[in-house]
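Student: Below: one structure in structure tokens.
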Amino acid sequence: TGQDWAFAPTLAVVRDDRWGRTYEGFSEDPRITRAYGYDAMQGLQDTTPQGIGEVGVIGTAKHFIGDGGTDGGKDQGINSSSEADMINTHGQGYYGALAAGAQSVMISFNSWTNEELGITEGKLHGSHKAITEILKGKMGFDGLVVSDWNGIGQVAGCTNSSCPQAINAGIDIVMVPNDWKAFIAN
């Protein structure tokens, strides 16, 4: 369609080096991730006061939120952080990227659950709390929220061709490369 859109930067704050994607994050220090998230987004988008510069591309802050903090470092696993830790540790890169004018945010494959703290969000692709309340509400993001590759199919009760929960949670663009015709029909 002609748009210049990069699925970067990855803003994971890695908390367990057993996570197989540690190389994608900038740092285990949330302050460094925040600073690099800002700089990376500025570099991608060639940010100017009017928006994306003429040599910039749309940047995507990803993967929202907490993928670097899953229990035991399990890829696409469960992050059992409190809401405060999720925002103050794992959210810092997003604050930096959004301050630099990020135009899109990609949702993470991980789950967010800690029953002792009353957190039962499950897969983030279906989490209204994470996407609408935190990302759009608390953090003030007003750009495009995109799913990850077939991420909606991991939400309980959903498939890659049908997931009203993901749309109701706040996802704007759904990446379903094989089931897109059925998804549109549904």
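The values are calculated or read from the model by the stated rules, or taken from the named source; none is laboratory data. Bear in mind that the values here come from a model prediction, so they are computed numbers and not experimental data. Quick reminder, even Gly has a Cβ in these numbers, built from the backbone with ideal geometry, and neighbours come from all protein chains shown. All accessible areas refer to the heavy atoms of the entire protein, side chains included, with ligands and DNA or RNA removed. Shrake-Rupley method; radii C 1.70, N 1.55, O 1.52, S 1.80 Å.
Student: With the condition kept exactly as written, say whether any residue in the range 9-28 is polar (S, T, N, Q) and in a loop (DSSP other than H, G, I, E, B). Before you say what the answer is, go through the steps one by one.
Tutor: At the first step, the residues of the range 9-28 found to be polar (S, T, N, Q) are 10, 22, 27.
Subset that is in a loop (DSSP other than H, G, I, E, B): none.
Taking every residue of the range 9-28 in turn, none turns out to be polar (S, T, N, Q) and in a loop (DSSP other than H, G, I, E, B).
Student: Checking Gly73 against (1) more than 22 Å from Met175 (Cα to Cα); (2) more than 16 Å from the chain's Cα centre (by Cα); (3) open to solvent by 10 Å² or more (accessible area, probe 1.4 Å), which single condition isn't satisfied?
Tutor: (3)
Student: If you don't mind, another one. Kindly provide the set of residues from the range 1-21 that are under 18 Å from the mean Cα position of the chain (by Cα) and more than 20 Å from Asp148 (Cα to Cα), ordered by number.
Tutor: Listed by number, the list holds a single entry, Arg15.
Student: Given the range 92-180, what strands (runs of 3 or more DSSP E) lie entirely inside it while holding 1 or more residues that are among the basic types (Lys, Arg), modelled with pLDDT of 95 or more and open to solvent by 20 Å² or more (accessible area, probe 1.4 Å)?
Tutor: Numbers: elements: 104-107, 111-114, 119-123, 144-146.
Strands (runs of 3 or more DSSP E) meeting the threshold: 119-123.
Student: Just to be sure I understand, how many residues within the range 106-150 are within 17 Å of Thr70 (Cβ to Cβ) and in contact with a Leu (Cβ under 8 Å, 6 or more places away or on another chain)?
Tutor: Qualifying residue count for the region: 7.
Student: Looking only at the range 22-56, how many residues end up being over 18 Å from the mean Cα position of the chain (by Cα), surrounded by 17 or more Cβ atoms within 10 Å (Cβ to Cβ) and not polar (S, T, N, Q)?
Tutor: Number of matching residues: 2.
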